[in-house]
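Participant: Okay, handing you the structure first.
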Amino acid sequence: MPTIMPIYGTRPEAIKMAPIVKALQNSPDFECVVTVTGQHREMLDQVNEIFDIVPDHDLNIIQPRQTLNGILTRTVEGLDALFAENAPDAVVVQGDTTTSTAAAIAAFYRGIPVIHAEAGLRSFNLFSPFPEEANRKITSQITSLHLAPTSTSKENLLREALPEEDIVVTGNTVIDALLHTVAKQLPFTDPQLEEIAASGRKVLLVTTHRRENQGEAMRGVGRALARIAEAEPELVIVLPAHRNPVVREAVLPALEGKTNVVVTEPMAYGEFTRMLSVADVVLTDSGGVQEEAPSLGKPVLVMRENTERPEAVHAGTVKLIGTDEERIVAEVDALLNDPAAYAAMANAVNPYGDGRAAERTLAAIEQMFGLGHRIEDFTAAVAAR
Ligand code: UD1
Ligand code: UDP
């Protein structure tokens, strides 16, 4: 029986890999050996817990204020030792983190086929997002099976002359995870959040962490939030703060003493997706949140200059607004106070998946090992409501 090793290290990889892990574990055709690098710690463990996944191997590489080269070298070293003892028949990596590219390189150098989930996203700017655009391009070059979430991402891969027969359009597994989790309507552990959900007050949900926004841009985000909080006393701003101390040092000082700003620790996935369904407006620089919020009909203002996820921008539920303080204040104001502007963006659309991405992934891996056949590719039309 072929052994497949999903390898992941950060919160978003864990969320998006969970449906694949479950599908592999439930399949009689494969042995699934889960390896985490521990690039994230608390934020990773939180996800494994909620999906009831116990890793078989944990490299525990995290260091405070870690560097990209540190993550890369500790991952390659740790995985190489693991592969030397017990090489899997293929690895699955997800997305564009440094864990995913380091794992792909470590496997490729050992002659182990790489399966890449969420393949083919491109911003076409090597430095934004940094280092993710480079990471995903490098991974594509050494991948045997590309699991593209959308037809746009497949086209990006074809433009790079990657073989069409190695590309499957699966949809993004984040929608599998979201549908599974939102259906449970998990309670908030923090009573303050339960109160906010019950209060009927408008909620602005904010997340920020991107490396290229750190420093002055992120301080501007903090100042913008402080101004919005003052201008809109009835609004509640909910900000689950990323664990990265660099992020907290930039954003949080401006928010001290603001009684309608609720700063929390990273929320467990069930609680975060419930807060997403409660929120009126989402302000974020996150990749995953850009995919989830449109599915719940929530307008998303993205604090970036570009995106590798154009589908929801085209559908009208996501708007790129950059990180300029004045622009953030103005765009949030428009969504909160102009019903026509709000209605134009608040449409539930599902360009990223129909909840069957893990099923298509499993079928594609079965075909790769001569054990079955792929199923029909995901098309956005299939998922349109
Ligand atoms: C990483 C990914 C990014 C992804 C993001 C998701 C890279 C280069 N970046 O960025 O693509 O969007 O994760 O959140 O792979 N920390 C903790 N505990 C945790 C997590 C982080 O203490 O559970 C702190 C540590 O001090 C760590 C720092 O945050 O050094 C930064 O973590 P790191 O993984 O390097 O960067 P992220 O910004 O999280
Ligand atoms: N998320 C979460 N708790 C939070 C904030 C976000 O579970 O407090 C989830 C969110 O639903 C999404 C993922 O984390 O699926 C996004 O992770 P992040 O923004 O850290 O990384 P990115 O997607 O930008 O790589």
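Participant: Picking from VAL236, VAL206, which residue would you name as being open to solvent by less than 10 Å² (accessible area, probe 1.4 Å) and closer than 22 Å to GLU132 by Cα?
Facilitator: VAL206
Participant: What's the number of the only condition in (1) over 14 Å from ARG274 (Cα atoms); (2) aliphatic (A, V, I, L, M); (3) in contact (Cβ under 8 Å) with a residue 12 or more places away in the chain; (4) within 16 Å of ligand 1 (Cβ to nearest atom) that ALA177 fails to meet?
Facilitator: That leaves (1) as the condition not met.
Participant: Of all residues in the range 302-321 being within 13 Å of ALA348 (Cα to Cα) and in a loop (DSSP other than H, G, I, E, B), which is most open to solvent (accessible area, probe 1.4 Å)?
Facilitator: GLY316
Participant: Taking the range 77-91 only, how many residues are surrounded by fewer than 19 Cβ atoms within 10 Å (Cβ to Cβ), part of a loop (DSSP other than H, G, I, E, B) and within 27 Å of the chain's Cα centre (by Cα)?
Facilitator: 1
Participant: Hey, can you tell me all the residues within the range 245-266 that are hydrophobic (A, V, I, L, M, F, W, C) and free of Cβ contacts under 8 Å to residues at least 40 places away in the same chain?
Facilitator: VAL247, ALA250, LEU252, ALA254, LEU255, VAL261, VAL263
Participant: Can you tell me which residues in the range 355-385 are open to solvent by less than 60 Å² (accessible area, probe 1.4 Å) and either part of a helix (DSSP H, G or I) or at pLDDT below 95 (or both)?
Facilitator: Correct list: ALA357, ALA358, ARG360, THR361, LEU362, ALA363, ALA364, ILE365, GLU366, ALA380, ALA383.
Participant: Also, I was wondering about something else. Take the range 249-293 and flag every residue that is within 13 Å of ligand 1 (Cβ to nearest atom), within 21 Å of ALA14 (Cβ to Cβ) and assigned to a helix (DSSP H, G or I).
Facilitator: Residues satisfying the conditions are TYR269, PHE272, GLY287, GLY288, VAL289, GLN290, GLU291.
Participant: If a residue has to be in a loop (DSSP other than H, G, I, E, B), more than 16 Å from ligand 1 (Cβ to nearest atom), surrounded by 15 or more Cβ atoms within 10 Å (Cβ to Cβ) and touching a residue at least 40 places away in the same chain (Cβ under 8 Å) to count, how many in the range 21-50 make the cut? Reasoning before the result, please.
Facilitator: At the first step, the residues of the range 21-50 found to be in a loop (DSSP other than H, G, I, E, B) are 27-30, 33-34, 37-41.
This time we only want the ones that are more than 16 Å from ligand 1 (Cβ to nearest atom), so: 27-30, 33-34.
Right, trim to surrounded by 15 or more Cβ atoms within 10 Å (Cβ to Cβ) and you get 27, 30, 33-34.
Then keep just the ones that are touching a residue at least 40 places away in the same chain (Cβ under 8 Å); that gives 27, 30, 33.
So the answer is 3.
Participant: Additional query: Within the range 268-297, which residues are within 11 Å of ligand 2 (Cβ to nearest atom), in contact with a strand residue (DSSP E or B) (Cβ under 7 Å, 6 or more places away or on another chain) and touching a residue at least 40 places away in the same chain (Cβ under 8 Å)?
Facilitator: Within the range 268-297, MET275, LEU276, VAL282, THR284, ASP285, SER286, VAL289 qualify.
The values are calculated or read from the model by the stated rules, or taken from the named source; none is laboratory data. Bear in mind the structure is a predicted one, so any value in this text is a computation, not a measurement. All Cβ positions, glycine included, derive from the backbone under ideal geometry; neighbour counts span all protein chains shown. Ligands, DNA and RNA are excluded from the accessible area calculation, which covers all protein heavy atoms including side chains. Shrake-Rupley method; radii C 1.70, N 1.55, O 1.52, S 1.80 Å.
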